[in-house]
Amino acid sequence: MPSVTQLAYVLAVHKNGHFGRAAAELGVSQPTLSSQVQKVEAELGVTLFDRLSKPIALTDQGRRLIDLARAVVNAHDELIDAAGATSTEPAGPFSLGIITTLAPYVLPWF
């Protein structure tokens, strides 16, 4: 099964219509992106992109699967956001009031 990262790579190629631009957007090398997309295609047993067209276009199989890939990536992002919302870590601004005579002794701890 493809990883969420690999599916995000597929979505980026679809969005940009170009492996190089998608790689730049994702901050990975073009060969890395290309090999990961090829792994997804091998795992699923389909060809997702017509690499001969300019810009790169989805195949019929790719069009059927792209919305599912988007749903998986979006669900993953929602899961991460929800987990962060329930964090026990303090969130929000932190204010500290201190008199000037103590500030040089206390503030270095922060």
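Coordinate-derived values only; no laboratory data. All figures in this text were calculated on a predicted structure; none of them were measured in a lab. Virtual Cβ from ideal backbone geometry, glycine too; neighbours counted across all protein chains shown.
Listed values, structure above:
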| read-out | value |
| --- | --- |
| Matching option when the condition is of a type in the set (Asp, Glu) and part of a loop (DSSP other than H, G, I, E, B), among Glu25, Glu89, Glu41 | Glu89 |
| Residues that are surrounded by 16 or more Cβ atoms within 10 Å (Cβ to Cβ) and more than 20 Å from Leu68 (Cβ to Cβ), drawn from region 34-49 | Ser34 |
| Residue count for region 1-14, restricted to those that are in a helix (DSSP H, G or I) and over 13 Å from the mean Cα position of the chain (by Cα) | 1 |
| Check on Ala91, free of Cβ contacts under 8 Å to residues at least 24 places away in the same chain, more than 15 Å from Ala12 (Cβ to Cβ) and under 23 Å from the mean Cα position of the chain (by Cα) | no |
| Complete set of residues in region 14-33 that are more than 22 Å from Glu78 (Cα to Cα) and surrounded by 14 or more Cβ atoms within 10 Å (Cβ to Cβ) | Asn16, Gly17, His18, Phe19, Arg21, Ala22, Ala23, Ala24, Val28, Gln30, Leu33 |
| Pair list, Cβ under 8 Å, 6 or more apart: region 36-64 residue closer than 16 Å to Val4 by Cα and in contact (Cβ under 8 Å) with a residue 40 or more places away in the chain, other residue assigned to a helix (DSSP H, G or I) and β-branched (Val, Ile, Thr) | none |
| Every residue from region 44-61 that is farther than 13 Å from Leu11 by Cα and outside any loop (DSSP other than H, G, I, E, B) | Leu44, Asp50, Asp60, Gln61 |
